[in-house]
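To start, the structure under review is shown below, and the notes come after it.
Since every read-out is calculated from the coordinates, none of them should be taken as a lab result. Note that the coordinates shown come from a computational prediction; the quantities given were computed from them, not determined experimentally. Backbone-built Cβ (ideal geometry, glycine too); neighbour counts: all protein chains shown.
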Amino acid sequence: MANVLATTAVVAKEAVAILENMLSFSKMVNRDWEDEFEENMTRGYAPGQTVNIKRPPRYTYREGRVAVPQSTIESTIPLTLAQGGCDLQFTSAERTLSLTKLEDKLTAAMATVANEIDRRGLEMARYTSPNVIGTPGTPPNTQSLALDVFLGVNQRMDEMAAPRDRRRGMVMNPAMNAAAVKGLAGMFNPQSTLDKQYRQAMMVDSLGLAYGMDQNVQVHTNGTQAVASATVSGANQSGATIATAALTGTMTKGSKITFANVFAVNPQSRQSTGVLAQFTLTADVASGATSLPVSPALVTSGAFQNVTASPANGAVITIFGTASGSYSFNPAFHKDAFTLAMVPMWAPANGKGVVSVSQTEYKGFRVKVTEFYDGMGDVSIMRIDVLYGWAASYPELSCGYAL
């Protein structure tokens, strides 16, 4: 069989296939919003451009015969595009390589790109997901503990009205994956599922979840504030900022907190789930501060109600984990909780230093390959670019497990 020369078109096709194969978290999230970008697909997008993703409106139930018209409120989530990639340099002799000989180089290059895309997504999940369960430092390496993990995250997603439509998943770090495989060893039936798990040492889709393993699962570290010493200052508060008595320590972005006697409600029925509502801090908070920035915003009534009541004056604020303690945040989520968009870029015309440029899409993932020549050094440079953005479209439909 004749060698296939590594033109930009061929390299782009191979690179995007390698990228798709290497991604973990990114393959499990929502990609449907890319349909909204079609009006700009022909000319391409630019780094830093923001696209607003619409969330559907909600309404409340009317009792009786008399109509009660309700305003339609459509909120949006911003998705900001970022450019990145990896660049390869070849001498004139190396440039004559066939695609087969170039594949190892491409695989190494795309590994760095896939790693960064997944890393950013998992960082976003740690910061934006308000829900977390588990006991940091306790691996689920027994059947009872492992079942508690997967049933527990599913329970929390059920309480937040995440659909049971076979689009739930969980991404674990290597330690979590190893503990879960050990904990559930011998449990699964049919035999084919157990056999696959045994041979691959990887969790196999089961218990209502698809699984992935990713070394980029984020580690969260709490601030120095004692976990149950902060208190609310003032009654009847709502919104994304809650006034507090002066803190005696620091609190870090992404820390999960609860307010005493403030329970979560089902998004449709607005009835209490019986579980304290959890919130994530959206910014670092210094010692001595007198307010906390939280997400989601506390809403006590109406179509978007998410808590049973406002926290009382003096209500204790409890931080998940321990003061200055760390834990890995292994996210379980419905596919719609997070969104990844990969869009085409503006491409220069051939000539004026550009030898050729190609842009390829595969399963929603896009890669642009541009080759240009440096006559002074007699080298060819092949740059591989991606343009993508992450957004937490419905972070309440996710729940981390702390290890």
Helix-derived mean residue ellipticity, 222 nm - over the chain, DSSP H n ≥ 4, -39500 (n - 2.57), to 500
-7000 deg cm²/dmol
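Would you mind calculating the relative contact order of the chain from Cα pairs under 8 angstrom and at least 6 residues apart, reporting the percent as a whole number? Intermediate results must be reported in sequence, preceding the final value.
Values: 908 pairs, mean separation 107.9, N = 403.
Rounded, it is 27 percent for the chain.
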Most exposed first by the Cβ proxy, i.e. fewest other Cβ within 10 Å, how do LYS368, LYS253, LYS54 rank?
LYS54, LYS253, LYS368
Among SER75, LEU397, THR308, whose Cα sits farthest toward the positive end of the charge dipole of the chain (+1 at Cβ of Lys/Arg, -1 at Cβ of Asp/Glu, about the Cα centre)?
THR308
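Considering Cα pairs under 8 angstrom that are at least six residues apart, work out the relative contact order of segment 223-323 and quote it in whole percent. Provide the component values of the computation, followed by the final result.
Details: 265 pairs, mean separation 41.9, N = 101.
Rounded, it is 41 percent for segment 223-323.
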Would you tally the net charge around GLU103, using a Cβ to Cβ cut-off of less than 13 Å, leaving GLU103 out, and scoring K and R as +1, D and E as -1?
+1
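Quick one: net charge around VAL132, please, counting Lys, Arg +1 and Asp, Glu -1 for every other residue with C-beta under 10 Å from its C-beta. Present the calculation step by step, with values, prior to reporting the outcome.
On the way: positive: ARG126, ARG156, LYS256; negative: none.
Summing Lys/Arg as +1 and Asp/Glu as -1 gives +3.
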Computed over segment 351-397, the distribution of all Cα-Cα distances in 10 Å bins, rounded to whole %, is 21, 34, 23, 13, 7, 2
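Please list the equivalent ellipsoid semi-axes of segment 61-178, computed as the square roots of five times the alpha-carbon gyration tensor eigenvalues, in descending order and whole angstrom. Let's see the in-between values first.
Values: eigenvalues 383, 146, 33 Å².
Semi-axis lengths for segment 61-178 are 44, 27, 13 Å.
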Starting with the highest mean, order 104-111, 208-215 by the number of other Cβ atoms within 10 Å, averaged over the residues of each peptide.
208-215, 104-111
From a point 7 Å beyond the Cα of TYR61 in the direction of its Cβ, which residues of segment 303-324 have a backbone N at a distance under 16 Å?
303-305
With an 8 Å cut-off on Cα pairs and a minimum separation of 6 or more residues, tell me the relative contact order of segment 278-403 in percent.
24 percent
Cα-Cα P(r), segment 253-403, percent of pairs per 10 Å interval
9, 26, 23, 14, 14, 10, 4, 0
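Over segment 307-362, what per residue volume does the convex hull of the Cα atoms give, in whole Å³?
Numbers: hull volume 16.4 nm³, N = 56.
Given the Cα convex hull of segment 307-362, per-residue volume reads 293 Å³.
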Tell me the net charge near LEU276. Cut-off is 15 Å between Cβ atoms, LEU276 excluded, with +1 for each Lys or Arg and -1 for each Asp or Glu.
0
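Nothing charged except the Cβ atoms of Lys and Arg (+1) and of Asp and Glu (-1): what's the magnitude of the dipole of the chain about its Cα centre? Round to the nearest 20 debye. Don't skip to the answer; put the middle values down first.
On the way: 32 positive and 32 negative charges, 146 e Å.
It works out to roughly 700 debye.
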Ranking ALA297, GLY121, VAL355 by how far each Cα lies towards the positive end of the charge dipole of the chain (+1 on Lys and Arg Cβ, -1 on Asp and Glu Cβ), the top one is ALA297
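Listing THR138, THR280 from the residue with the fewest other Cβ atoms within 10 Å to the one with the most, what is the order? Kindly include the intermediate steps, with their values, before the conclusion.
Working: THR138 12, THR280 25.
Arranged by neighbour count, lowest to highest, THR138, THR280 become THR138, THR280.
Using the Kirkwood radius over C-alpha pairs as Rh, can you work out the diffusion coefficient of the chain via Stokes-Einstein at 10 °C, viscosity 1.306 mPa s, in µm² per second? Please report the intermediate quantities before stating the final value.
Numbers: Rh = 23.6 Å.
Stokes-Einstein gives a translational diffusion coefficient of 67 µm²/s.
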Can you give the Rg to Rh ratio of segment 223-323, both from alpha-carbon atoms, with Rh computed by the Kirkwood formula?
0.96
